[in-house]
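Single-structure report; data block below.
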Amino acid sequence: MFYREAGQLKTSYASDMAILPLREDRTLVFAILAIAYLVVPFFLTDFWLSAVAIPFLAYAMAAMGLNILTGYCGQLSLGTGGFLAAGAYSAYKITTAFPELNLVFVFLAAGLCTAIVGLAFGIPSLRIKGFYLAVATLAAQFFIVWLVTRVPWFTNYNASGQIQMPGRTILGYQVTGGAISGTAQYLFALTFVAVFALIAKNFSRTNTGRAWMAIRDMDIAAELIGIRPLYAKLSAFAVSSFYIGIAGAMMFGLWLSSVEPSSSFGINQSFLVLFMVIIGGLGTVLGSFLGAGFLVLLPLLLSVVLVDWFGIVPSQAKHAEILTMGILIVFFLIAEPHGLAKIWQTTREKLRLWPFPY
Amino acid sequence: MALSKKLAAGILVSALAAAPAVNAAELIVPAFEYRTGAYAPNGIPFWNGFSDYLTLLNERDGGIGGVKIKITPCETSYDNKLGVECYEKTKQGALIVNPVSTGISYALIPKAPVDKIPLLTSAYGRTSVANGRIFPWVFNFPVNYWSAASVIVKYMGEKEGGMDKLKGKKIALVYLNNAYGKEPIPTLTALSKKHGFEFSSYPVDAPGNEQKATWLQIRRDRPDWVLLWGYGVMNQVSIKEAAGIRFPMDHFIGNWWSSSENDVKPAGAEANGYLGSAFHAPGAGFQVHKDVLKYVYDAGKAVDPSFKDRMGEVLYNRGLVTAMYTAEAIAKAQELHKTKEVTGEMVRDGLEALDITAGRLKAIGFDGLVEPVKVTCANHEGPARGAIQQWDATAGKWKLVSGYYDSDREVIDPLIKADSEQYAKENNVTPRDCK
């Protein structure tokens with residue numbers, strides 16, 4: 001009843017190959033985008049902006065990047081924290097060296113720098129697989145954090161080793177630094193994430209994306225049929241690091257404005273993004289968003305409910321929150337090992353048939 | 001079914017109304033507590049002291065100027081991201097913010113002038129905020145990290161028999177590898193050039209549970225003095241490791257965040273003689289403690305009633321002192337602007353005009369606990385003096401073993417000027433005039 005597919009005929013190749021062939025799906029996605037762009041800015045307080053919206057968007061971007069690497073190409077990576085740091089520090093160096101450069105180009109350039117770094121650390125993937133590759137990518141994590149801590153050039157010779165994002169404007173509205181326009185910052189981040197989500201969704205339909213998926217499914221068979229592992233794996237690392245670099249620049253520039261590498265980009269960040277990808281659903285763009293929402297927004301919701309609604313002491317609420325998150329993660333992985341995106345997919349399939357059972 | 005729908009609706013409504021309703025006649029002081037995580041052993045005593053003093057003012061004096069103080073606690077676990085989240089959650093109507101974390105302070109410094117809420121980072125945070133011309137909204141009196149380093153070096157010189165005897169000595173710094181830990185390095189480098197000692201630094205990655213390699217290196221390098229700039233669980237591990245390599249404790253000096261009871265107790269008797277810098281006295285024998293016992297603990301108003309026997313711990317006293325500075329600033333703001341219901345901007349003026357004399361300290365029960373403080377427009381660091389305390393393992397108590405030293409302004413003032421001017425250049429801040 002929800003999906004009225006009768007009569008939805010495709011009359012051109014383009015419409016047949018659309019990402020969202022069903023009208024109901026298109027309506028849903030456009031409705032979500034409309035709400036995100038037109039409705040949310042009116043309800044955006046400072047708290048909602050910097051504790052909910054921007055972290056969610058930044059982590060969604062990082063999760064999309066890791067999903068490309070781990071979900072599409074099957075290369076397990078624990079270097080996400082290091083690549084986030086690379087994105088943040090390249091954004092810092094570029095914007096302090098070229099203060100007149102538009103922030104969009106700063107972020108894109110930061111992504112490019114991180115892509116080059118990711119390419120370098122992706123080379124072990126040509127020889128090792130699975131958990132062993134995860135350990136090799138740990139080298140990226142620890143090396144990059146060590147490098148930005150040790151070499152004072154990265155922090156512009158600042159005594160304390162912390163970098164601070166200077167104020168930058170987009171179309172006349174300030175989006176970084178102290179006196180920001182909250183709506184402008186939110187819309188800026190949202191546009192980045194929306195555009196790159198569309199690109200990520202399209203990747204699975206290109207030659208490169210199909211090569212990644214072949215490598216993921218059975219890399220020896222892929223090699224035998226003529227897919228070159230070197231190009232496939234290294235391009236996966238490059239594209240993934242590009243996304244993660246932009247996410248790192250967003251975290252630094254838009255969310256925190258002041259980062260120190262050990263706490264903001266430590267190994268815990270790598271695990272957090274990996275969990276987002278796994279719980280959200282490997283190999284899906286929706287999974288990145290659901291995973292980011294689950295691991296970023298749910299603890300916040302729990303703390304708001306426990307502290308403000310039930311009046312529990314904040315430190316007790318924190319313990320309860322950690323416990324609850326752990327239980328929920330275990331529960332969801334038992335209930336649906338393929339992640340939250342699979343739950344949505346199953347629900348959608350059922351909705352397509354509802355009220356009929358088959 | 002209906003109940004869970006109502007619950008869901010209720011959760012949605014409360015989630016939307018994230019900031020709780022504000023009572024007009026209350027002085028709102030947020031507390032970015034960390035009672036969980038790796039830094040909880042240091043956070044719990046501090047925040048108990050902080051809350052207890054403000055509760056004392058509410059119970060004994062009816063608040064400040066007759067207006068009750070409302071503490072809004074929020075758990076940060078010493079994480080920068082949660083710190084920013086807590087700030088955004090509690091800043092509605094807040095008068096003054098005490099982040100008690102150098103990392104969180106850095107994140108909040110650009111927000112203070114925009115939200116018009118002053119930041120008090122007493123003895124931590126970004127050191128160069130001492131320059132009030134460039135940081136009108138951030139204060140770090142009564143002393144900062146660079147002055148701490150200078151005071152410790154003066155004590156070392158005194159123990160060696162004169163500052164000239166420091167020439168050729170080896171001084172090592174073991175530090176937590178984050179912004180907080182790196183703070184003293186520029187000053188110690190400058191002082192090493194001035195006095196001729198050899199300075200080396202040994203970073204320890206957070207949270208600092210693994211330090212065997214660092215201390216083996218120190219045993220090999222044999223410095224004469226070791227400074228500790230750690231926090232949380234790193235401190236106790238460092239002290240245990242130092243005892244393990246039999247480094248003489250009376251040549252081992254921690255800064256004031258690395259010398260508290262929970263840092264030395266795990267090492268037991270071996271930590272005897274460990275030194276630490278301080279800007280207030282330890283111990284529970286002061287008038288304010290008697291008042292807290294009477295009006296807060298015995299009246300059942302304490303936020304952590306089990307802490308009664310631990311009153312007087314170093315970090316507890318620090319919480320008392322920081323709360324006292326907060327309260328005095330609010331009182332000063334009320335006096336300057338002649339109104340009981342002050343705003344963040346008025347409290348900023350109060351902080352800048354703060355002049356806590358010895359007579360005032362005696363009146364509020366802090367006589368002997370802390371030194372008088374005077375803050376001016378250009379100098380947000382105040383007196384910049386510190387002393388040295390020592391741990392007596394048998395008695396289980398800290399004791400001040402020196403007088404208060406002045407810091408070496410000749411070395412520190414140019415460093416502050418350079419660092420704050422770099423900030424001003426990068427962030428387009430025009431220094432204001434200070435009459």
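Positive end of the dipole of the stretch B:145-278 (Cβ unit charges, origin at the Cα centre): among B:A179, B:M249, B:P223, the Cα lying farthest that way belongs to B:P223. Past the 49 angstrom mark, what percentage of all C-alpha to C-alpha distances in the protein assembly as shown do you count? Summing the P(r) tail past 49 Å for the protein assembly as shown gives 21 percent. With only Lys, Arg, Asp and Glu charged, each at its Cβ (+1 for the first two, -1 for the last two), find how big the charge dipole of chain B is about the Cα centre; round to the nearest 20 debye. Using only the charged Cβ atoms, the result is roughly 180 debye.
A simple charge model with +1 on the Cβ of Lys and Arg, -1 on the Cβ of Asp and Glu and nothing else charged puts the dipole of the stretch A:1-125 at about 100 debye relative to its Cα centre. Extension gain for B:V114-B:R409 works out to 103.1 nm (0.36 nm per residue, less the C-alpha to C-alpha distance). Calculate how steeply helix B:80-90 sits against the longest principal axis of the alpha-carbon atoms of chain B, using the helix alpha-carbon long axis, and give the answer as 0 to 90 degrees to the nearest 10. The answer is roughly 30 degrees. For the protein assembly as shown, the cysteines with no partner cysteine C-beta closer than 4.7 Å are A:C73, A:C113. For the pair the stretch A:309-340 and the stretch A:1-54, the centres of their Cα atoms are 29 angstrom apart.
Cβ-to-Cβ counts within 10 Å put A:D16, B:D205 in ascending order as A:D16, B:D205, the fewest first. Rg/Rh, computed from the Cα trace of the stretch A:277-344 with Rh as the Kirkwood radius, has the value 1.06. What is the Cα centroid distance between the stretch A:212-262 and the stretch B:189-251, reported in whole angstrom? Cα centroid of the stretch A:212-262 versus Cα centroid of the stretch B:189-251: 40 Å apart. Counting only other chain Cβ atoms within 10 Å of each residue's Cβ, the peptide A:39-45 averages 1.
Give, in whole angstrom and from largest to smallest, the semi-axes √(5λ) of the equivalent ellipsoid of the stretch B:145-278, with λ running over the eigenvalues of the Cα gyration tensor. Mind showing how you got there, number by number?
Working: eigenvalues 93, 48, 39 Å².
So the equivalent ellipsoid measures 22, 16, 14 Å along its semi-axes.
For B:Y274, neighbours were defined as the other residues whose beta-carbon sits under 14 Å from its Cβ, and their charges (Lys and Arg +1, Asp and Glu -1) total -1. When the P(r) is computed for the stretch A:135-268, the part past 17 Å accounts for 70% of the Cα-Cα pairs. With a cut-off of 17 Å on the backbone N, the residues of the stretch B:386-415 near the modelled label site 7 Å out from B:K265 along Cα-Cβ are B:391-399.
Is the stretch A:235-358 best put as rounded, prolate or oblate by its Cα gyration tensor, with a ≥ b ≥ c the root eigenvalues, rounded for a/c under 1.5, and otherwise prolate when a/b is larger than b/c, oblate when not?
Working: a/c = 2.27, a/b = 1.17, b/c = 1.95.
Taking the square roots of the gyration eigenvalues as a ≥ b ≥ c, the stretch A:235-358 is oblate.
Legend: residue pairs B:K167/B:K425; B:K169/B:K212; B:K294/B:K397; B:K374/B:K397; B:K81/B:K294, Cα-Cα distance threshold 32 Å; pairs beyond threshold, B:K167/B:K425; B:K81/B:K294.
In terms of its C-alpha gyration tensor, chain A has a rounded overall shape, because the principal axis ratio a/c (a ≥ b ≥ c, square roots of the eigenvalues) stays below 1.5. Label reach from A:T191 (point 7 Å along Cα→C-beta): in the stretch A:27-52, amide nitrogens under 15 Å belong to A:37-38.
Can you give the calculated 222 nm mean residue ellipticity of the protein assembly as shown, where each DSSP H run of n ≥ 4 adds -39,500 (n - 2.57) and the sum is split over every residue, rounded to the nearest 500 deg cm²/dmol? List each step's numbers first, then the result.
Values: 32 runs with 395 residues, N = 793.
Counting only the DSSP helices, I get -15500 deg cm²/dmol.
For helix B:409-427, what angle does its Cα long axis make with the longest principal axis of chain B, in degrees from 0 to 90 and rounded to 10? Roughly 50 degrees, rounded to the nearest 10.
The share of Cα pairs per 5 Å bin across the stretch B:104-207, counted from zero up to the longest distance, runs 2, 12, 19, 19, 16, 13, 10, 5, 3, 1, 0 percent. Measuring spread by the Cα atoms of the stretch A:1-138 yields a radius of gyration and Dmax of 20.3, 58 Å.
Packing-wise, with mean Cβ within 10 Å as the measure, how do A:124-131, B:256-263 rank, highest first? Show your work: numbers first, answer last.
Numbers: A:124-131: 14.2, B:256-263: 25.4.
So the peptides A:124-131, B:256-263, ranked by packing, come out B:256-263, A:124-131.
No value in this document is a laboratory result; all are computed from the given coordinates. A quick note: this is a predicted structure, and the numbers were derived from the prediction, not measured. Cβ atoms come from the backbone with ideal geometry, glycine included; neighbour counts cover every protein chain shown.
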